[in-house]
Each structure stands twice: as C-alpha cells, then as structure tokens.
Amino acid sequence: MTERAQAMRPRLRLSYGQKLFLLATVPLLVSVAVISTLVASQSRQLADREIAALESKLIEAKREELKNYLSIARTAFVNIYGRAAPDDERAKLEVTRILAAMLYGQDGYFFVFDYDGTNLVAPRQTRLIGRDWAGLRDVDGVPITDELIRIARSGGGYHEFRWPKPSTGETAPMIAYVNGLQDWRWVVGTGIFVDEIRASVAAARAEVEARIRTTTYLILAITIVALLTVFATGIALNIRERRLADAKLKDLTERIIDTQEEERGRVARELHDGISQILVSVRYALDLAQRRLAKGDDRAGESLAKGTEALSGAITEVRRISRDLRPGVLDDLGLGPAIKALADDFSTRTGIATEFETVVFRGRLDEEARIALYRVAQEALTNVERHADATAVSIQLRGRRTGAYMRIADDGAGIDRRADRASAGLGLRNMTERIEQLDGTLRISSSEQGTVVEALVPLSHMLRPGRRTNGTNGKDTT
C-alpha cells in the first residue's frame, strides 16, 4: 500500500465518552461472563453430587426393602422347607402357593425359578409359569434368568435389569434380590421397579437446571441495568464534557482574537514607530537633496547619502518584522538554524549571554512541529526578556527515542515572582496549547534559581529520511 493510500485511509478515533463507555463495559462484560460460567459450572457440579448421593441413598433403601421382603417370605415357608425332603412335591406345591399369594404394592410379587431356568411362580405374569426361560435377556441384552440362577447358587444378591411392569406393561428398570433354596435347587426372589426413583432424580435435575437458568437471567438483568447505568453516566459525562469543550473553545476563540489583535497592534506600532518614521526621514532627505540640486548646492550628495542610509535602516527593520512574523530560515534551513538565529538576535538585543546546543536529528520534524517548537522558544525568550531579569540563558535541542526535545533554562526570577503575571500566564498558555495540539508535553518548573521550560514532541511528527517538506531541500536538517 502506498504512502498516499495509507494517508487517505480513515482512522478510527474514539471520543472521550466512547472510551469511557468501553473502559467501563468491557471489564464488566468479561467479569459477568466469567462469573456466570463459574456459577453455572459450580452449581451443576454441586447438583450432580447431591443428586447422585440422593439416588444412591434411594436405591440403597430399595435394596434393603427387597432384602426385608425376602426375609419375610422365608419366614412364611421356612418351617415347611426345613421339614421337607428334596423330593417332597407336596411341600414344594405348598411353598409355591404361599409365595404366589404374597403380593405387595401395585407391582410387587415373588418369583421362583429352578436351577434349570423353568419358572415356577409368577403371580402377576402367569404366562411365564411352567416355561423354560434359560438364556433370557432384557431389551438391552442384559442376561436375566442365567444371572439370577448364578447369584442364587453363590449365596444370593442383587441384579438390575429391565422388565415389563405388570400394572402398565411398559418396560422399566428393576432391581431384584434373590436367594437360593439349595435342597430344592430353587431361585426365590422379588423385585422393585426403580423408574419412579429415576423420574424423581430427573425432576430434581430439571429443577436445578431451572434454578441455574433463573440465576443466569438474574445476572443478565443486573448486567443490563449496570450497562444502562454506565451508558447513562457516559452520556451525562459526554454532555458535560461537550459543554466544557464548548466553553473552552469559546475562551480559546476569544484568546485567539485577542492575540491576533495584540499582534496586529504590535505590528502597527512597529510600522508606525519604526518604518513610518524612517520613511518620513527618507522623504525629508530626498526633498532636501532635490532643493539643493535645484540651487546647485554641493551638499545635495550628503542629503542623498543620509536618505540612502535611512532607507537601508527601513529595509533592515522590515526584515526584522518579517522574521518575527515568519522566519525564512525556519523553512530554508530547518529548526536548529532558526533557533540559533533567534538566540543570537536575542543575545545581541538584550545583552543576556545565550548558549545554544543542538544535535542533528536522524529524522526531520514536520512543519507543524517545527513551527510549534520555534514559537515556544520565541515565547520563552520573550518572557525572559520582559520578566525574568536573567543574566544567562541556555537552549538545548536534540532528538530522543520518544521524539524531539527542547529545553530552555534561565537564571532569573521565578514565574511566581514576576510582576506582570497576566502577560506571562497568557504566554505560558499559548506555549502549552501549541504543544498539546501535537499530542506532546510541556513542563515548566520555576524556582528562585530560575525557570526551565521543557517541550517534547512525539515521534509521530518525525519524518522518515528522504521525505521532502515545503521549504526544505531534502537534507537531514534539524
């Protein structure tokens, strides 16, 4: 991309109110997002632990309940089983009748299988009785009959699988507890459907999720209120800043007009008191020379010489006024030679010893920076001449990593001790505003030992080597 295209590309500049709004809202939004994420995550983790613990306790309670049911059933037929022989069919039939009659709840019952897998008791599902169910599996492929037989032969225990509920016919998770009658090679057991437990757990989980959503909505609502508050505050501050800016602009406009009028008055006085008087004396000398030539007086040449001398003085005065308004050396040779000429003229005019030190910049200043630094130096020397009562002045001009730096120091009276404070204050404000327009900094320190003025112009006003500016020949000058 060419330099011209880069210069034409629009820059994104935010106003004070926009910067304040972003500064207040961005951290707030990030904090709210982090807090919401942490709250939701911690809430879910805590809820998962609590729900898992609740589910585990409920399942454990159901297991103990099943164990108690089977103990009650064994008590009902233990005497019959204890007195019967392994092949006592009458005892077996009586036990099956007892177990078939022991129903509890809506879906509770006892079942019996022999070790070969044949169902002997199933009061709520009579279609199972008398049939061989070896190798039976549930809808998820979990073995049922073979696993129940294995558990019973090994001493008893629990087994979980899916089984049709007698009341609804729908398949639901079931926990069964079985024990073995080893003499008869029977599996005796009962089971409880735990779908209601799972439903209760799911409802608790849904309630937790609803609470998390409610909390998130509350956080979002609080955030929106906070953002609206920040926005309203930003608007109020923006309006206030605009009013202050308008007031400052009005004050600045008045001071610019006053400064222009003061400058015009100064130029008018210099023209009237200097150029006008010199030109009047030139006119008188030329009139006198004309009369003497008409009379043939030999002193006509003397009158012409005086007129010529006065005219030379007028030319010198015009050049001085022109130099004060806009020094040509600033455009032709650069900032360093211009301030050097300003210091030499100041020293010659006031008799104050003036020392100037400079180092050639690696990159030249642009026109705005050169003019601003020159005017700061001019204003500072004017204040020294009018108010400081100094005997020596030092001026330093050099380049730094942060930009162009100028330092002007005198050994005169401090600013607070000067008699004409209003005039000095206007000059200091002019210097400050010139540097601030360039995004630079101006620091003024004053004491009984003198005053130091330090001006720094940022690197954004330093031109790259090879760039040409109006009034320069492309050399690397200060």
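The values are calculated or read from the model by the stated rules, or taken from the named source; none is laboratory data. Note that this is a predicted model, so its numbers are computed, not measured. Using ideal geometry, Cβ is built from the backbone for each residue, glycine included, and neighbour counts are taken over all protein chains shown. To get the accessible areas, we keep the full protein, side chains included, count just its heavy atoms, and leave off ligands, DNA and RNA. Shrake-Rupley method; radii C 1.70, N 1.55, O 1.52, S 1.80 Å.
A few comments on the model shown:
- Those residues of segment 339-358 which are in a loop (DSSP other than H, G, I, E, B) and in contact with a Ser or Thr (Cβ under 8 Å, 6 or more places away or on another chain), in sequence order: 352
- For segment 91-103, the count of residues that are part of a loop (DSSP other than H, G, I, E, B), closer than 19 Å to residue 193 by Cβ, without any contact (Cβ under 8 Å) to a residue 60 or more places away in the chain and not small (Gly, Ala, Ser) is at least one.
- When residues in segment 116-170 are screened for being part of a strand (DSSP E or B), open to solvent by less than 50 Å² (accessible area, probe 1.4 Å) and under 22 Å from residue 185 (Cα atoms), 6 of them pass.
- The listed residue being more than 20 Å from residue 73 (Cβ to Cβ) and either basic (Lys, Arg) or touching a residue at least 60 places away in the same chain (Cβ under 8 Å) (or both), out of 124, 137, 153: 137
- Test result for residue 404, at pLDDT 50 or above, farther than 19 Å from residue 371 by Cβ and either touching a strand residue (DSSP E or B) at 6+ places or on another chain (Cβ under 8 Å) or not in a strand (DSSP E or B) (or both): no
- The residue that is farthest from residue 222 (Cα to Cα), among those in segment 33-57 that are open to solvent by 60 Å² or more (accessible area, probe 1.4 Å) and either in contact (Cβ under 8 Å) with a residue 60 or more places away in the chain or of a type in the set (Asp, Glu) (or both), is 54.
- Among the candidates 233, 229, 214, residue that is modelled with pLDDT under 80 and either exposed (fewer than 11 other Cβ atoms within 10 Å of the Cβ) or closer than 30 Å to residue 39 by Cβ (or both): 233
- Selection within segment 223-243 - small (Gly, Ala, Ser) and in contact (Cβ under 8 Å) with a residue 12 or more places away in the chain: 226, 234
- Residue tally, condition under 26 Å from residue 439 (Cα atoms) and open to solvent by less than 10 Å² (accessible area, probe 1.4 Å), over segment 385-405: 4
- Meets criteria (out of contact with any Pro (no Cβ under 6 Å at 6 or more places or on another chain), farther than 30 Å from residue 159 by Cα and among the acidic types (Asp, Glu)) for residue 209: yes
- Selection of segment 434-455 for residues being crowded, with 18+ Cβ neighbours inside 10 Å and either more than 14 Å from residue 377 (Cα to Cα) or of a type in the set (A, V, I, L, M) (or both) yields 435, 438, 440, 442, 446, 450, 453, 455.
- Here residue 57 clears all of (1) among the basic types (Lys, Arg); (2) at pLDDT 75 or above; (3) closer than 30 Å to residue 245 by Cβ except the condition numbered (3).
- Filter result for the condition that a residue is more than 24 Å from residue 62 (Cβ to Cβ) and within 60 Å of the chain's Cα centre (by Cα), over 230, 194: 230
- Of all residues in segment 184-200, those that are more than 30 Å from residue 92 (Cα to Cα) have Cβ atoms under 7 Å from Cβ atoms of residues that are in a strand (DSSP E or B) and open to solvent by 10 Å² or more (accessible area, probe 1.4 Å), 6 or more apart or on another chain, in 194/173; 195/173; 198/173.
- Residue match in segment 379-393 (condition: part of a loop (DSSP other than H, G, I, E, B), modelled with pLDDT of 85 or more and touching a strand residue (DSSP E or B) at 6+ places or on another chain (Cβ under 9 Å)): yes
- Pairs where the first residue, in segment 435-455, is in contact (Cβ under 8 Å) with a residue 60 or more places away in the chain and on the phi > 0 side of the Ramachandran plot and the second is open to solvent by less than 60 Å² (accessible area, probe 1.4 Å) and outside any helix (DSSP H, G or I), C-beta under 9 Å, 6+ apart: 450/390; 450/392; 450/409; 450/410; 450/412; 450/413; 450/414
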